[in-house]
1. Just wondering, is there one or more residues in the stretch 69-86 that are basic (K, R) and modelled with pLDDT under 80?
2. Picking from L28, L21, which residue would you name as being modelled with pLDDT of 85 or more and either touching a Lys or Arg at 6+ places or on another chain (Cβ under 7 Å) or surrounded by 13 or more Cβ atoms within 10 Å (Cβ to Cβ) (or both)?
3. I'd like the full set of residues that are hydrophobic (A, V, I, L, M, F, W, C) and assigned to a loop (DSSP other than H, G, I, E, B), limited to the stretch 64-83.
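The values are calculated or read from the model by the stated rules, or taken from the named source; none is laboratory data. What you are looking at is a predicted structure, and each value in this text was computed from that prediction instead of being measured. FYI the Cβ positions are ideal-geometry reconstructions off the backbone, even for glycines, and counts take in every protein chain you see.
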Amino acid sequence: MDNVNKYRWTPSGGMPIDDFLKKYKPSLLDKTDAPWIWVSTGGARDDPEAENNALVKAVGKGQVVLDEVTKRVAAIEKDDKIPVRGKKGVLSKKQARDEAQKKAADALREISLEMSFPRTESVDAVWAKIARSVAYGPLRDAGVMTAKVATLDPMAGDMGTHVVIIYVDNIYDKDMVTKVLVSLLEDHGIDPSASKSDLYTLLGIDSKHASGMRSSIWRSSELVKDVKALKAKYKPGSEKKWVRKDEPEAKPASKSPRKSGSKEPSPGLEKGVSFSDKVDVKAEPQRSPVKQNGRPTKRLKSAAAIFKENDIFASDSEEE
């Protein structure tokens with residue numbers, strides 16, 4: 001089996017999603033094994049990274065558009081005939097730039113992706129939540145059929161982050177993207193700040209690109225009125241109720257008497273982890289709490305608590 005299929009889960013693959021997630025963890029695999037781990041349901045798109053003539057042509061045409069708008073923006077800045085402040089019938093420099101960038105953005109429409117960057121220490125839990133949701137949970141109900149996660153970059157060290165990408169069929173379908181966003185907020189406690197197209201990524205369009213183009217198609221605040229209110233509806237652990245319709249819901253195990261001296265399980269990352277938004281966060285290893293009289297002085301914080309304290313859900317300020 002080639003690596004593309006080995007690290008790609010599908011309902012017809014014969015392996016339960018939970019077994020797949022345990023076997024292939026993004027924090028343990030690196031780019032020499034495979035650059036991405038995939039989860040796709042029936043009818044999902046083919047691997048968007050597969051090289052084909054259509055993709056090569058799209059990138060070639062997109063590069064022409066990008067080069068043209070970059071030159072146009074530079075020319076506007078140097079043209080003394082274009083005023084800083086607009087007049088009746090005459091565009092200002094900003095208006096001229098906006099017009100050129102909008103035309104370029106309209107020309108670069110392609111299938112899109114949602115991007116977020118979780119910490120290395122939390123990526124397995126984040127990915128498990130997203131993967132199960134695409135396989136049989138709320139994201140699948142919202143129309144998402146494909147997602148992938150980047151494996152470990154050995155060269156990044158403890159500064160490494162993992163990009164998790166959720167694919168939608170049409171980034172310019174506002175209703176569809178809004179539905180996916182609401183699901184991410186309410187059902188997962190995840191707030192991706194923006195979405196962008198594959199073509200933008202392949203062309204290297206980011207907030208610092210010389211063209212001055214905005215690197216994203218949508219921001220959360222442009223799709224829903226109150227992001228915080230929707231995110232507040234998320235209840236940690238609610239994903240345990242996501243059950244395949246063709247499988248019976250697991251019955252709670254009967255509690256057996258606790259033996260003397262038995263230990264409580266340590267708090268794990270699966271108890272709640274959230275995305276950061278295009279922010280490189282140093283992945284600090286979890287440390288055991290200091291003990292006094294054989295007991296921990298403080299319960300180890302979950303990754304979710306760490307993310308909340310660091311308040312790293314802000315969108316790129318440079319994209320204003």
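1. no
2. None of the others qualify; the one that does is L21.
3. I82
Condition check ((1) closer than 30 Å to R72 by Cβ; (2) in contact with a Leu (Cβ under 9 Å, 6 or more places away or on another chain); (3) among the aliphatic types (A, V, I, L, M)) across all residues:
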residue: Y136; (1), (2), (3): no, no, no
residue: G189; (1), (2), (3): no, no, no
residue: S216; (1), (2), (3): yes, no, no
residue: K231; (1), (2), (3): no, yes, no
